[in-house]
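These notes concern the structure reproduced below.
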Amino acid sequence: MRISTSQIYDQNIRSIMNNQEDLVKTQQQLATGKRIITPSDDPVGAAKVLRLTEEIDELEQFQRNNDLVTGSLEQQEAVLTNITNSINRARTLVVQAGSGILSDPDKRAIGAELEQIKLEIFDLMNTQDADGNYLYAGYQSANQAFTYNPAATGNAISFSGDAGVSFIQLSNSSTIQSTSNGYEVFENVLSRFKFSVTGDTVANLSNPNVSEQGTFDTFFNKNYDPVTSANNDYQITFLASGEAQLTNVGTGAVVDTVGFASGQPFTIKGMQFTATAVAGDTIDFSLDAPEKKSMAQTLHEVQEILMDSTIDNNALQEAIADSLVGLDNGLEKISLERASIGSRLNIAESTYESNLDMEIAAKSSRSAIQDVDYAEASSEFAKQETALEAALASFPQVSNLSLFNYI
Amino acid sequence: MTTGFNELPGGIEVEFSGTDTYAEGYQFLLQPTKNAASSITLASNRPEDLAFASPIRAQADSTNLGSANVSGVEVSNTTVGDSAFDGAGGLISSAPAQIYFTSEDTYRVLNASGTTLATVTGTTNLDSLLTQAGLSAANGYDFSLDGVPKAGDSFSISYNTDGFNDNTNTLALASLQNEPLVQVSSESSNTPRTFQDAYASMVGRIGEDTAMANVSLESAEAMKVQSENWFESVSGVSLDEEAANLIKYQQSYAAAARILSTAQELFNTILQSAR
């Protein structure tokens, strides 16, 4: 083909330009460390990189959530451990108070110590996190979870938050509970099931009480009717056959019959009565509505009785039985909650591990797609550099070749 | 053209209303996102103003003997006048405020003043209790329980006043990340995708288009070079060629001149011999 002079210049300039463009591109890849500078370099790869980047960012956020929730759960565990230790001490004191050989000042001393433990537990139930939020107040975390009002008609220490709990997302599919509400952990504790005598026609009815708490609890759980209160009224009728018969007043059903000797104690469904009775006599009683008390409230009640020297021994024994059942039920709730926190911590930890593995996998696959292979890129750079140098060096030689130089 | 949705390239659809007429030559300028960025303003700089909490909370009453607990609260509508929300931080008085179980599978829904709004008997699950009572749609909220309720248990629903620690809405907001919400094309068979997936596909598509344009540019460039070469080859000036021609013509000039001078010499010789 015939080559015109301008073609020689054009051709040379074009190849220098092309070489420079390639060189700049490779230089850019080397400088940024990325193979894909614009999406058009590798459209499929660029889209994949975006998806992987999202996944990595999301996993990083999950790991931050995980750190937060682990901290919060560990704090809650510490609170519950402290409460358990204090309650165990309080329980020992309550048992000691019931031994019957203690003098009034001794009981007062125990009462005073129980008061301190009560205040300590009350304080722990109102624990605040680092942000100043009350841990156990539910959604209304700016308000104190439990309030102490000695003049209140019901419980002096009562829950004033709500049942709200918050959740934190630890992976795409799993959220775990990060807080617990104080009602469920501390306040939703049943106190001892009891009954009250409402009327009788017998003589010398003395100290009707629950002597076999387990039997009575079974009976109570099976028969207490929160809807129709008449079904909670019972009557014991003394029969001519020397037996005591327990009848439900509401339904008329005969519940149980036991042998009876006048003036001797008899136990029916875990309840013990002692009375002088003849055939036809009756005792009416009804099941008390179940009450819920926090352990602080339970300690508050027993401590007040211990501090009161006018209380007789029967009432003291009742109060001690009440508080022991209340503390045991409360400890059961707390150990349930500790088990729940432990399992949540385990889940958080294993989620952390699997998220970490996934993050590493995503990062390595993102790196494989978008990162430059330095060995390849630098040898490519050297090659392009040589080509450009050759183009630059040959240009003057080619352009200097002219017939005019020879004529 | 029939009325309805008419697909345009780029996924925008324009609907002409049936009665308005339009004629050939009419032009429509669509700038749907022209002012979108400039009208973004900061509406609040108090984090407490962000509605991270659910407007409703439900809880078991303290006298409950069963093990049922609230497992979830759903809010579907908070429009004042169209739901139970009064717009002033509360619920209207006729809204469901309490659920009372008269047996394990029978419950009554009561309002704040204790009037029974509905009774549900023989329920088999404790999900969406207000929907089961037919009261959810009109009030805009609902809740579910798990566990086993006992007769006499009740659950109360109230406005979530002071609910600072509630992050229900935030979790719902965060879960949008994995919800398929973006319809990438107007074909109904096309399944929606997540935000990030749609964005990544868009970037991929633009990258493909750019790569394709680059290839076209390169081939056009090559064709242009080819044509230029042909053009130059035929009509361009080669200095070497011209130089060669110059020499050639110079030589012929010299040769012609030489002929002239030779002829002149011949004539002179003839003329001198004849003198």
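Just a few scattered comments:
- Occluded residues from region A:1-49, i.e. those whose accessible area drops by 40 Å² or more once the chain is not alone (1.4 Å probe): A:Met1, A:Arg2, A:Thr5, A:Gln7, A:Arg14, A:Ser40, A:Pro43
- Heavy-atom accessible area, probed at 1.4 angstrom with all protein chains present, ranks A:Val95, A:Val69 as A:Val95, A:Val69, highest first.
- Centre separation in Å (Cα based) which lies between region A:30-99 and region A:352-376: 21
- Exercise: per-residue mean of other protein chain Cβ atoms within 10 Å, A:181-188: 2
- When the residues B:Lys34, A:Lys293 are ordered by accessible surface, computed with a 1.4 Å probe over the protein chains alone, the sequence from largest down reads B:Lys34, A:Lys293.
- Over chain B, dividing the summed -39,500 (n - 2.57) contributions of all DSSP H runs of at least 4 residues by the number of residues returns a 222 nm mean residue ellipticity of -11500 deg cm²/dmol.
- Among A:Val302, A:Asn209, A:Ala47 the positive-end extreme of the charge dipole of chain A (Cβ point charges): A:Ala47
- Calculated from backbone phi, Karplus (6.51, -1.76, 1.60) coupling profile of region B:106-116 in Hz, x at Gly/Pro: 10, 9, 10, 9, 10, 8, 4, 8, x, 7, 6
- Dipole magnitude of the protein assembly as shown, debye to nearest 20 (Cβ charges: Lys/Arg +1, Asp/Glu -1, about Cα centre): 1480
- Taking the chain by itself as reference, region A:103-146 contains these residues with an accessible-area loss of 50 Å² or more in the full protein complex (1.4 Å probe, heavy atoms): A:Tyr139, A:Gln140.
- Peptides A:169-182, A:18-31, A:387-400 ordered by average Cβ neighbours within 10 Å, highest first: A:169-182, A:18-31, A:387-400
- The protein assembly as shown - percent of accessible surface contributed by carbon and sulfur, probe 1.4 Å: 54
- Charge sum, other residues only, whose C-beta stays under 14 Å from A:Leu287's C-beta, Lys/Arg counted +1 and Asp/Glu -1: -2
- Peptide B:56-64 has a mean shielding of 5, counted as Cβ atoms of other protein chains within 10 Å of each residue's Cβ.
- Average beta carbon contacts from partner chains per residue of B:168-181, 10 Å cutoff: 2
- Rolling a 1.4 Å probe across all protein chains gives A:Val254 an accessible area of roughly 80 Å².
- Integer Hz, Karplus 6.51/-1.76/1.60 couplings in order for region A:315-326, x for Gly and Pro: 5, 5, 4, 4, 5, 5, 4, 3, 6, 5, 5, x
- Theoretical ellipticity at 222 nm over chain A - DSSP helices of four or more residues, -39500 (n - 2.57) apiece, nearest 500: -19000 deg cm²/dmol
- When the accessible areas of B alone and A alone are added and the area of the pair subtracted, with a 1.4 Å probe, the result is around 4100 Å², both sides summed.
- Each Lys and Arg contributes +1 and each Asp and Glu -1, all at the Cβ; summed about the Cα centre of region A:271-324, the dipole is approximately 180 debye.
- Cα centre as origin, Lys/Arg/Asp/Glu Cβ charges: region A:249-349 dipole, Debye: 380
- Taken per residue, the accessible surface of chain A reaches 48 Å², heavy atoms only and a 1.4 Å probe.
- A 1.4 Å probe over all protein chains sorts A:Arg338, A:Arg192, A:Arg14 by accessible area into A:Arg338, A:Arg14, A:Arg192, starting with the largest.
- Residue among A:Pro396, B:Ala151, B:Ile270 farthest towards the positive dipole end of the protein assembly as shown, charges placed on Cβ: B:Ile270
The values are calculated or read from the model by the stated rules, or taken from the named source; none is laboratory data. Model, not experiment: these values are computed from the prediction. As a convention, Cβ positions derive from the backbone with ideal geometry for all residues, glycine included, and neighbour counts pool all protein chains shown. With ligands, DNA and RNA removed, areas are computed over all heavy atoms of the protein, side chains included. Shrake-Rupley method; radii C 1.70, N 1.55, O 1.52, S 1.80 Å.
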